[in-house]
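A quick write-up on the structure given underneath.
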Amino acid sequence: MVEFILFWLFAILAVGGAFGVVVHPNPVKSALLLIITLFALAGEYVLLMAHFIAIVHIAVYAGAIMVLFLFVIMLLNLQTEVREAGIWNAARYGGFILAILLFFEIGYFGFKGFQTAYVRDTNLGTVEGIGQALFSKYVLPFEIASILLLVAMLGALYLSKRKLQVADGQKTPAKTVAEETTH
Amino acid sequence: MQGIPIHYFLILGAILFGLGVVGVITRRNAIIIFMSIELMLNAVNLAFVAFSRALGQVQGQVFVFFVIVVAAAEAAVGLGIVIVVARNRQSLNVERINLLKL
């Protein structure tokens, strides 16, 4: 019974945080609400006995990715989003309705097909279980993932070069903050 | 002890995925669209772990590991692109970033 209480606690935290991410106009608070959602999801992973995934999830998402998001938001000094009225409002509300339909579709089939499947009591989510699968059967995808991370790192470094020029309409050279302060 | 039925987790994942779709559709700020995409990735991860638990197979959790790797790479490259766009355009509104639009 305590499992159900924990499940509902984490579920309410996750859904509330996700709703805040979607509706909050301030990007910084939106990112902080997303961190709440990520911690609640880590709690759900622990309830599913996936300890390794829970720890990696907290370390990578809350520790690395969200810090990167907050760093970029504060670097760019984003203000509260200004809602622009226009032709896109109709498409926006139509998309909202389609998203709710998508939720009912996924939720209905998830409910229908797996209503009787109960959580089995195994210990395959431990570090030992994941490590044995990852370094025996899935060692080639593991190494390819390291190459992917290397390529992503090189790409991010190239994109953050100072004199990078992106072709835009005005053909104006990109001026960085450092150049403007030195002149 | 029976444990929590698996469809609880699946419906929670569906709710989170739907909220992520709503965020991608309704918000105009590129960084918040990125955060909504992360939300959708997390919803799929939750479904993967739940199925892995229900079926007693470890493949689902290994796949979640790779999804986290791809999400980290995507965040690094995507935020680099966001910084370059913001530097060149002084705006992050995706309706103004329309060079490839018909």
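Assorted remarks:
- For B:PHE9, neighbours were defined as the other residues whose beta-carbon sits under 13 Å from its Cβ, and their charges (Lys and Arg +1, Asp and Glu -1) total -1.
- Rounded percent of accessible protein surface that carbon and sulfur make up, chain B, 1.4 Å probe: 71 percent
- At full extension, A:TYR158 and A:ALA59 could sit 33.1 nm farther apart than now, given 0.36 nm per residue minus the alpha carbon distance.
- Residues in segment A:1-62 average 42 Å² of solvent-accessible surface per residue, probe 1.4 Å, ligands and nucleic acids excluded.
- Site pair A:LEU101 and A:LYS29 shows an inter-label distance of 3.3 nm when each label is modelled 7 Å from Cα along Cα→Cβ.
- Only protein heavy atoms count here, probed at 1.4 Å, and on that basis chains B and A bury about 7600 Å² of accessible area in total.
- Remark on segment A:12-45: accessible area falls by at least 50 square angstrom from chain-alone to full-complex state for A:VAL15, A:VAL22, A:LEU34, A:LEU41, A:TYR45, probe 1.4 angstrom.
- Chain B - accessible surface per residue (Å², probe 1.4 Å): 37 Å²
The values are calculated or read from the model by the stated rules, or taken from the named source; none is laboratory data. Worth saying up front: this structure is predicted, and the values here are computed from it rather than measured. So basically every Cβ, Gly included, is an ideal-geometry build from the backbone, and we count neighbours across all protein chains shown. Accessible surface areas use protein heavy atoms only, side chains included; no ligands, DNA or RNA. Shrake-Rupley method; radii C 1.70, N 1.55, O 1.52, S 1.80 Å.
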